[in-house]
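*Asks:* Sending over a structure as structure tokens; questions will come in a sec.
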Amino acid sequence: MTALHVTENASTTLIAKPIALVLGATGGIGGSVGRRLVAEGWNVRALHRKALSVALSEPSFQWVTGDAMNGRDVLEASKGAQVIVHAVNPPGYRDWGKLVLPMIDNTIAAAKACGARILLPGTVYNFGPDAFPVLGEDSPQNPLTAKGAIRVALEQRLHRAAEDGVPVLIVRAGDFFGPGAASSWFSQGLVRPGRPVTRVIRPAARGIGHQWAYLPDVAETMVRLLGQASRLPPFAVFHMDGAWDEDGERLIDAIARVTGRTPRQHSFPWWLVGMARPVVPLFRELWEMRHLWATPVRMSNGKLRAFLGFEPHTPLDTAIRETLISLKCLEPQVGPVFGNGGKTMPKTA
């Protein structure tokens with residue numbers, strides 16, 4: 001295994017600072033959490049199969065060559081770590097049944113060996129209609145989809161690991177958007193990257209609410225919770241409210257305000273997805289999850305607010321602007337920026 005950005009004084013530096021191993025550091029949430037940890041004074045190791053080729057993408061990380069599917073690689077990379085951020089997923093929707101659970105088993109084994117806490121970005125996929133429309137952290141988990149069943153099994157393994165002495169922190173949030181979220185409903189559904197926004201695609205019918213999560217806010221929430229590690233139970237789960245779009249219009253209205261134009265609106269072609277799902281694996285997975293766009297589903301953040309006192313929240317227009325700039329749909333703003341300048345603010349509800 002080849003380590004990058006290591007100097008003769010690296011051992012001294014690593015002892016002075018806490019260490020976090022990030023699996024999935026080139027992804028949106030892994031990269032966001034890693035950068036936020038660096039800002040808080042952590043040393044971040046990033047495991048990647050092609051570390052040499054991606055090291056320049058985030059020079060503040062210590063890149064280590066290895067594969068999350070290889071238990072020895074994860075174990076070696078985790079030495080001395082206080083936290084393992086398990087933000088790695090198979091690309092797209094391919095091979096979830098073969099890869100997701102072996103990867104979490106490797107992370108659990110490594111965390112147990114080095115005494116680290118596991119931090120997992122959670123999702124709404126664990127839940128089925130019997131728990132809708134408002135979800136608490138302890139709502140029943142009876143998903144309709146194969147992907148949801150895998151997520152349930154993953155969290156069950158983490159719960160058993162916590163009972164066996166491995167502390168776990170799970171933060172569940174809505175659909176990601178923001179800088180780094182290149183593979184998301186926002187970037188691959190609502191807008192088209194690389195061009196001005198003249199139209200948006202609506203996955204949900206008008207009037208149907210949906211829960212979104214701005215990546216920097218998710219990362220901020222996770223790092224603030226890690227900062228309260230001594231107060232966390234062995235198996236800690238929190239829900240974020242994020243950016244709740246109560247009627248499917250809120251994000252589109254924000255896009256219009258930020259871009260200065262009213263985009264044309266088109267419905268997502270669910271009919272086409274349904275027709276093609278027998279031969280297109282991606283469409284088959286999307287079709288299974290269409291119920292999440294057919295009914296309002298909202299995770300409650302009451303437990304998070306009670307624990308932290310607030311939920312980190314970036315004003316929606318700022319979040320949309322930064323997202324569109326990252327997708328090259330909007331030019332960076334020149335001159336003074338009104339409002340709070342993009343700072344994350346407490347969210348009280």
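*Asks:* Report, by residue number, each residue of region 131-145 that is among the aliphatic types (A, V, I, L, M) and either without any contact (Cβ under 8 Å) to a residue 60 or more places away in the chain or on the phi > 0 side of the Ramachandran plot (or both).
*Replies:* Going residue by residue through region 131-145, those that are among the aliphatic types (A, V, I, L, M) are 131, 134-135, 144.
Selection gives Ala131 alone.
*Asks:* Hey, among Val88, Val83, Val22, which residue is modelled with pLDDT under 95 and crowded, with 17+ Cβ neighbours inside 10 Å?
*Replies:* Values: Val83 fails: modelled with pLDDT under 95; Val22 fails: modelled with pLDDT under 95.
So the residue among Val88, Val83, Val22 that is modelled with pLDDT under 95 and crowded, with 17+ Cβ neighbours inside 10 Å is Val88.
*Asks:* What are the residue pairs meeting all of these: first residue in region 275-294, first residue more than 21 Å from Ala205 (Cβ to Cβ), second residue charged (D, E, K, R), Cβ atoms under 7 Å, and 6 or more apart or on different chains?
*Replies:* Short answer, once both residue conditions are applied: Pro281/Arg94; Arg284/Arg277.
*Asks:* Which residues, counting only those in region 221-230, are assigned to a loop (DSSP other than H, G, I, E, B) and crowded, with 21+ Cβ neighbours inside 10 Å?
*Replies:* Applying the first criterion (assigned to a loop (DSSP other than H, G, I, E, B)) to region 221-230 yields 227-228.
Result: no residue meets the conditions.
*Asks:* Can you find a residue that is without any contact (Cβ under 8 Å) to a residue 12 or more places away in the chain and either under 27 Å from Phe307 (Cβ atoms) or assigned by TED's automatic domain parsing to the domain that holds Met69 (or both) anywhere in region 177-187?
*Replies:* Of all residues in region 177-187, those without any contact (Cβ under 8 Å) to a residue 12 or more places away in the chain come to none.
No, region 177-187 contains no residue that is without any contact (Cβ under 8 Å) to a residue 12 or more places away in the chain and either under 27 Å from Phe307 (Cβ atoms) or assigned by TED's automatic domain parsing to the domain that holds Met69 (or both).
*Asks:* Tally time: how many residues in region 255-300 are surrounded by fewer than 13 Cβ atoms within 10 Å (Cβ to Cβ) and among the small types (Gly, Ala, Ser)?
*Replies:* 2
*Asks:* Of the conditions (1) touching a Ser or Thr at 6+ places or on another chain (Cβ under 9 Å); (2) of a type in the set (A, V, I, L, M); (3) buried (at least 23 other Cβ atoms within 10 Å of the Cβ), Ile104 satisfies every one except a single condition; which number is it?
*Replies:* Ile104 satisfies all of (1) touching a Ser or Thr at 6+ places or on another chain (Cβ under 9 Å); (2) of a type in the set (A, V, I, L, M); (3) buried (at least 23 other Cβ atoms within 10 Å of the Cβ) except (1).
*Asks:* Kindly evaluate Ile84 against the criterion of being out of contact with any Asp or Glu (no Cβ under 8 Å at 6 or more places or on another chain) and not in a helix (DSSP H, G or I). Can you show your working first?
*Replies:* Working: out of contact with any Asp or Glu (no Cβ under 8 Å at 6 or more places or on another chain): yes; not in a helix (DSSP H, G or I): yes.
Here the answer is yes, as Ile84 does meet what is asked.
*Asks:* Could you list, in sequence order, the residues of region 113-128 that are in contact with a Leu (Cβ under 7 Å, 6 or more places away or on another chain) and either acidic (Asp, Glu) or in contact (Cβ under 8 Å) with a residue 24 or more places away in the chain (or both)? Please lay out each step first, then the result.
*Replies:* Residues of region 113-128 in contact with a Leu (Cβ under 7 Å, 6 or more places away or on another chain): 113, 117-120, 124, 127-128.
Selection gives Ala113, Arg117, Ile118, Leu119, Leu120, Val124, Phe127.
*Asks:* Moving on to the next point. Go through (1) modelled with pLDDT under 95; (2) in a loop (DSSP other than H, G, I, E, B); (3) farther than 19 Å from Val237 by Cα; (4) of a type outside the set (Asp, Glu) for Leu99 and report which single condition fails.
*Replies:* (2)
*Asks:* Separate question: Which one of the conditions (1) on the phi < 0 side of the Ramachandran plot; (2) surrounded by fewer than 24 Cβ atoms within 10 Å (Cβ to Cβ); (3) in contact with a strand residue (DSSP E or B) (Cβ under 9 Å, 6 or more places away or on another chain) does Ala46 fail to meet, given that it meets all the rest?
*Replies:* Here Ala46 clears every test but (2).
The values are calculated or read from the model by the stated rules, or taken from the named source; none is laboratory data. If you're wondering where the values come from, they're calculated on a predicted model, not measured in any experiment. Every residue, glycine as well, gets a Cβ built from its backbone with ideal geometry; the counts of neighbours run over all protein chains shown.
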